[in-house]
Amino acid sequence: MRTQVGIIGAGPAGLFLSHLLHRAGIDCVVLEARSRAYVEGRVRAGVLEPGTIETLEALGLGDRMHREGMIDEGLDMRFRGKNIHLDLPELTGKRVIIYGQQEVVKDLIAARVASGQPLVFDAKVTELADLDGERPRIRYLHDGEEKTLECDFIAGCDGFHGVSRAAVPQDKITTYDRVYDFAWLGVLSRSRPIADMTYTNSDRGFALCSRRSMQVSRLYLQVGADEDPDNWSDARFWDELHARMFDEGRTEIVEGEIFQRDLARLRSFIASPMQYGRLFLAGDAVHITPPAGAKGLNLAVADVRALAGAVTHFYKSGRRDKLDRYSEHCLKRVWKAVGFSTRLTGLLHKFPSHTPFERELQLTELEHLHGSRAAQTAIAEQYVGLPFEPI
Ligand code: RFL
Ligand code: PHB
């Protein structure tokens, strides 16, 4: 089999890229290791920045997001019983939309399938070959057979544990990372969410109240890195959430049936450069932000917009200049976003390693944010996402 761009992974990065390329008249094949049901059922992100919203709209895929998504105009940060309210439209003129990542993924998959363009599930990529030649190849397993896809370019959109990044010779890539010794225990509950997206830094640790609809809350608690989600009975989860949200009277947070639980280890990670020969890495395959700040999915979209622009330019003009700039272009945004999420993580979590001095400094920064519009604007500007620069 042959195509122009071989895309590994049907997460947000691979799926958005397939649509952006198809719109530009460029052929691609998406290979996904898992089943359609598995990919559509994976609960993750929820906050879409204006740039991601516009990208879905431009692809003609924004209708359900506008019908079912929830416009979010503000977020709260609580500490020591105080509340910082960031009014996003007032501070930035922009809003975000809360719409589950798996809903975005469902919309992208349905449209790709309807267009008749190739998207192969249960196709696990095992090896990449000739990345530095003219005709790179992808080997994968499908229907019990080993198959080969020959391409002009390969897009490695296979997430943090994929095979693409590992296919780059070690002396051609540098990695930067920081692993945290805590995790987020996330649940979905059938209960009315509280009014605003609310982050809290309490003496008992971090918590976050978000939502997926007016009937479903998405709730997170900071827990130990190796915590077993089964150790958290529903009662224990609610007790801890009320306490961390300063809702001891249990008058604010509505409890409901918890029907999904997951644990996300926290890490900051960047691999550089994001390309090697004819392989281009995008999304979680090449960078990970800690989830505070909700940047991962949005960064994946920013990467593949740049990649689609560079590939389109190549086929139109025969020139590689934009492809050659891909990594440098994306990494500017990536470092800012990873820096922002890392800073927010530092501001909001309880660090087992903190001395009382460091804990007081953390609370002092929150106090400053409480009283300073300039500090609030700086957070809000990054939270809604920086504008896209042309590649
Ligand atoms: P994905 O989504 O991991 O998709 C990669 C795909 O590649 C497939 N794959 C392979 N396919 C073929 N052959 C192989 N050998 C393969 N190996 C892997 C996988 O099966 C998978 O389908 O990466 P992508 O596309 O780069 O998308 C990144 C986002 O998923 C991620 O950044 C976000 O979910 C992060 N994130 C959030 N991002 C936001 O923008 N806003 C948020 O509110 C937000 N909240 C979150 C989050 C991530 C979380 N967790 C679970 C880490 C909240 C949480 C709790
Ligand atoms: C979510 O709704 O899943 C969510 C919201 C805000 C974050 C991270 C995740 O910072």
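When both residues are 6+ apart or on different chains and their Cβ atoms are under 8 Å apart, which pairs have a first residue that lies in region 23-50 and is near ligand 1 (Cβ under 7 Å from one of its atoms), and a second that is assigned to a loop (DSSP other than H, G, I, E, B) and among the basic types (Lys, Arg)?
What qualifies is GLY46/ARG212.
TYR276 is checked against (1) within 16 Å of ligand 2 (Cβ to nearest atom); (2) closer than 30 Å to LEU128 by Cβ; (3) surrounded by 21 or more Cβ atoms within 10 Å (Cβ to Cβ) and fails just one. What number does that condition carry?
Going through the list (1) within 16 Å of ligand 2 (Cβ to nearest atom); (2) closer than 30 Å to LEU128 by Cβ; (3) surrounded by 21 or more Cβ atoms within 10 Å (Cβ to Cβ), TYR276 breaks only (1).
Tally time: how many residues in region 101-121 are out of contact with any helix residue (DSSP H, G or I) (no Cβ under 9 Å at 6 or more places or on another chain) and either within 10 Å of ligand 1 (Cβ to nearest atom) or among the basic types (Lys, Arg) (or both)?
Number satisfying all stated conditions: 1.
Within region 327-347, track down each residue that is over 20 Å from TYR220 (Cα atoms) and not β-branched (Val, Ile, Thr).
Listed by number, the residues that qualify are SER327, GLU328, HIS329, CYS330, LEU331, LYS332, ARG333, TRP335, LYS336, ALA337, GLY339.
Being more than 10 Å from ligand 1 (Cβ to nearest atom) and among the hydroxyl-bearing types (Ser, Thr, Tyr) is the filter here, so list the residues in region 125-163 that pass it.
THR148
Filter region 212-267 down to the residues that are in a helix (DSSP H, G or I), within 16 Å of ligand 2 (Cβ to nearest atom) and open to solvent by 70 Å² or more (accessible area, probe 1.4 Å) and list them by number.
Passing the criteria: none in range.
Exactly one condition in (1) surrounded by fewer than 22 Cβ atoms within 10 Å (Cβ to Cβ); (2) of a type outside the set (Phe, Trp, Tyr); (3) more than 17 Å from the chain's Cα centre (by Cα); (4) more than 16 Å from ligand 2 (Cβ to nearest atom) is not met by ASP76; state its number.
Exception for ASP76: condition (4).
Name the residue that is farthest from ligand 1 (Cβ to nearest atom), counting only residues in region 169-227 that are hydroxyl-bearing (Ser, Thr, Tyr) and either within 30 Å of ALA129 (Cβ to Cβ) or free of Cβ contacts under 8 Å to residues at least 24 places away in the same chain (or both).
The qualifying residue farthest from ligand 1 (Cβ to nearest atom) is THR174.
Does any residue in region 335-358 that is over 19 Å from LEU86 (Cβ atoms) and among the polar types (S, T, N, Q) come within less than 9 Å, Cβ to Cβ, of a residue that is open to solvent by 10 Å² or more (accessible area, probe 1.4 Å) and not in a helix (DSSP H, G or I) six or more places away or on a different chain, and which pairs are these?
Here the result reads SER353/ASP181, each pair linking region 335-358 to a residue that is open to solvent by 10 Å² or more (accessible area, probe 1.4 Å) and not in a helix (DSSP H, G or I).
Here's a check for you: in region 125-141, which residue that is touching a residue at least 24 places away in the same chain (Cβ under 8 Å) and not charged (D, E, K, R) is most open to solvent (accessible area, probe 1.4 Å)?
Filtering first and then ranking leaves THR126.
Where in region 295-373 are there helices (runs of 4 or more DSSP H), lying wholly inside it, with at least 1 residues that are closer than 21 Å to THR175 by Cβ and touching a Pro at 6+ places or on another chain (Cβ under 6 Å)?
296-317, 321-348
Of the residues ARG333, ARG319, which single one is open to solvent by 50 Å² or more (accessible area, probe 1.4 Å), more than 17 Å from ASP177 (Cβ to Cβ) and modelled with pLDDT of 95 or more?
Residue meeting the stated conditions: ARG319.
Tell me, which residue of region 33-42 that is in contact with a helix residue (DSSP H, G or I) (Cβ under 8 Å, 6 or more places away or on another chain) and either open to solvent by 20 Å² or more (accessible area, probe 1.4 Å) or more than 23 Å from GLY186 (Cβ to Cβ) (or both) is nearest to ligand 2 (Cβ to nearest atom)?
Here the answer is ARG42.
Can you confirm whether ILE84 is closer than 30 Å to ARG320 by Cα, open to solvent by less than 10 Å² (accessible area, probe 1.4 Å) and in contact with a Leu (Cβ under 6 Å, 6 or more places away or on another chain)?
It is false that ILE84 is closer than 30 Å to ARG320 by Cα, open to solvent by less than 10 Å² (accessible area, probe 1.4 Å) and in contact with a Leu (Cβ under 6 Å, 6 or more places away or on another chain).
Mind checking which residues of region 287-330 are of a type in the set (A, V, I, L, M) and touching a His at 6+ places or on another chain (Cβ under 6 Å)?
Once the filter is applied, which keeps residues that are of a type in the set (A, V, I, L, M) and touching a His at 6+ places or on another chain (Cβ under 6 Å), region 287-330 yields only ALA306.
The values are calculated or read from the model by the stated rules, or taken from the named source; none is laboratory data. These figures come from a predicted structure and were not determined experimentally. Virtual Cβ from ideal backbone geometry, glycine too; neighbours counted across all protein chains shown. Heads up: the accessible areas ignore ligands, DNA and RNA and are worked out on the full protein's heavy atoms, side chains in. Shrake-Rupley method; radii C 1.70, N 1.55, O 1.52, S 1.80 Å.
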